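In what follows, a single structure is set out as structure tokens and then discussed.
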Amino acid sequence: MAVKDRMSGNEAVAFAIRQINPDVMPAFPITPSTEIPQMVSTYIANGEIDTEFIPVESEHSAMSAAIGSEAAGARTLTATSSAGLAYMWEELLLAASNRMPVALALVNRALSGPININCDHSDGMGARDTGWIQIYAENNQEVYDNFIQAYPIAEDPQVHLPIMICQDGFITSHAVENIELLEDGDVKEFVGEYEPEEFLLNPGKPIAVGPYSVTNYAMEAKKNQADALKRSKEVILKVAEEFEKISGRKYGLFEEYRTEDADYIMLIMGSAAGTAKQAVDDLREQGKKAGVIKLRVFRPFPADELAEALKGAKAVAVMDRTESYNGNGGPLGSEVTAGLYRKKIMVETVNYIYGLGGRDFTVQEVYDIFGELEDFIENGKAPEQFQYIGLRK
Amino acid sequence: MRTDISRINEQTPHQELTEGLMVFAGGTSKYFETGEWRTRTPILNHDLCRQCMVCSMVCPDSCIPLKDGERVEFDYKHCKGCGICAKACPFDAIEMKEGR
């Protein structure tokens, strides 16, 4: 029996952690993810869970402790945002290369500078090549659901990789929404016990984790890690299928919203997908064939699947909530167009940058973007690439 | 899942290596012959050695084994030639020679 409640995104993640009752949580507070370790600490203090909380002195230590604890055989997680994730940089790569299924609740916030505490995806995108699985959420329900699916994905023997469950800072982390929670028993059964085959604290069965690799082994290790990330795609889908059975909620690599016959599609991640869907509903009423694809799984990047999903469109707006400082657009823009090109699907794409440092992204702006796409196709007026939405000029 | 380290070498295809290159076995560092790194080699002058065993205690790589209360020959398979033993020896009984 599902339980109806209302919660903020941070509360929802903390509630999922309570239901999972992981073994260890090293964490250091940073806005806007601070509430997650705070609420988990409260659950621990109240005796509701027996997670070992390690109050570390930095995020660098948080991720180091997470790797050590996971290697020791304990199911481990942490939470962070922005500069906290940046400070974990070195260890993020190690968690992945050491094949540790750590979970991280990332509450997306801008990276400095200018210093800013609000939402954009520059932290998560900055860590996009660290070898972690990254799953993004539109709302509180999704971040809760994604968190419950995190360990079954990460700990799958075909995967053994760390996983980031991302949500938009403040927009979903602090906004209270209706939510449907699973029963504790159902979550426990779904996530199961963590029973690694090999781990450090295993008397009589010693192991060495993260040994030095000379040149003749490094490429082979990286290939194996890359293959595991590739394999995780199937596992993500399999876990989503299982999750649907207990929740009734369906998840894939991305969500296609009114795209069946769409001429114009907006590809977007995170909470702004809700804004885009509202605009598409309005445009549909005016007879415009608009649709939205909301990317859920950014790593592994579903390049082929996205290309197939976009091939019927006349033009696509690819929305990046980060500035990549490369003169060639955002990560989503670059990666999706590379996927289209390889499949020889020559759909027009326009890459937009929006919502930096918490800048509002409005329904009106979505109308305008779809208007530009239409003008592009109907009148040949190519929109400016990489333009900033809502910029004062 | 235990690792037979004797079956892994620089010709092993990637599919046969362990996850994260983890070694599921104990005491395998002895197979890693760090003595190959050495550019200077400690040589013991037996006439000067008084068996005080200071060298054995200061060796960071445990390359000066003890047997029956005496230090025995260097473990050249693992000695990296750092020279700490030569510096620490109170009787100048250890000399660092260039080369391996």
DSSP-defined antiparallel bridges as percent of all bridges, the protein assembly as shown, nearest 5: 35
Share of alpha-carbon pairs per 5 Å distance bin for region A:167-217, given as whole %: 4, 12, 10, 9, 11, 13, 10, 11, 11, 7, 1
A:Thr172 accessible area, assembled protein chains, probe 1.4 Å, Å²: 10
Cα pair distances in chain B, grouped into 5 Å bins until the bin that holds the longest one, percent each: 2, 12, 20, 18, 13, 10, 9, 8, 6, 2, 1
Cysteines (scope the protein assembly as shown) whose Cβ has no counterpart Cys Cβ under 4.7 Å: A:Cys119, A:Cys166, B:Cys49, B:Cys52, B:Cys59, B:Cys82, B:Cys89
Rotationally averaged projected area of chain A (alpha carbon convex hull; nm²): 20.5
Label point distance in nm, A:Asp281-A:Val214, each placed 7 Å from Cα along Cα→Cβ: 6.4
J(HN,Hα) series, region A:165-177, from Karplus relation 6.51 cos²θ - 1.76 cosθ + 1.60, nearest Hz, glycine and proline x: 9, 9, 9, 7, x, 6, 4, 10, 5, 10, 7, 8, 9
Dipole magnitude of chain A, debye to nearest 20 (Cβ charges: Lys/Arg +1, Asp/Glu -1, about Cα centre): 900
Percent RCO, i.e. relative contact order, over chain A, from Cα pairs under 8 Å lying at least 6 residues apart: 16
All lysines inside 27 Å of B:Lys97 as judged from Cα atoms, apart from same-chain residues fewer than 8 positions distant: B:Lys30, B:Lys67, B:Lys77, B:Lys80, B:Lys87
Residue mean of other protein chain beta carbons inside 10 Å, A:212-225: 4
Viscosity 0.890 mPa s, temperature 25 °C, Stokes-Einstein D of region A:254-388 from Kirkwood C-alpha radius, µm²/s: 168
Protection proxy ranking of B:17-25, B:5-13, A:255-263 - average other beta-carbon atoms within 10 Å, highest first: B:17-25, A:255-263, B:5-13
Extension gain (nm, one decimal) between A:Glu256 and A:Asp360, 0.36 nm per residue minus Cα-Cα: 35.1 nm
Among the listed pairs A:Lys188/A:Lys245; A:Lys238/A:Lys294; A:Lys223/A:Lys294; A:Lys245/A:Lys344; A:Lys230/A:Lys294; A:Lys250/A:Lys344, those beyond 25 Å (Cα-Cα): A:Lys223/A:Lys294; A:Lys245/A:Lys344; A:Lys250/A:Lys344
Peptide ranges A:363-375, B:61-73 listed from the most packed, as the mean C-beta count within 10 angstrom indicates: A:363-375, B:61-73
For region A:254-388, share of DSSP beta bridges that run antiparallel, in % to the nearest 5: 20
Cα principal axis extents for region A:1-153, largest first, Å: 42, 34, 28
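The values are calculated or read from the model by the stated rules, or taken from the named source; none is laboratory data. Model, not experiment: these values are computed from the prediction. Please note: Cβ atoms are built from the backbone with ideal geometry, for glycine as well, and neighbour counts cover all protein chains shown. Calculation scope for accessible area: heavy atoms of the full protein, side chains included, ligands and nucleic acids excluded. Shrake-Rupley method; radii C 1.70, N 1.55, O 1.52, S 1.80 Å.
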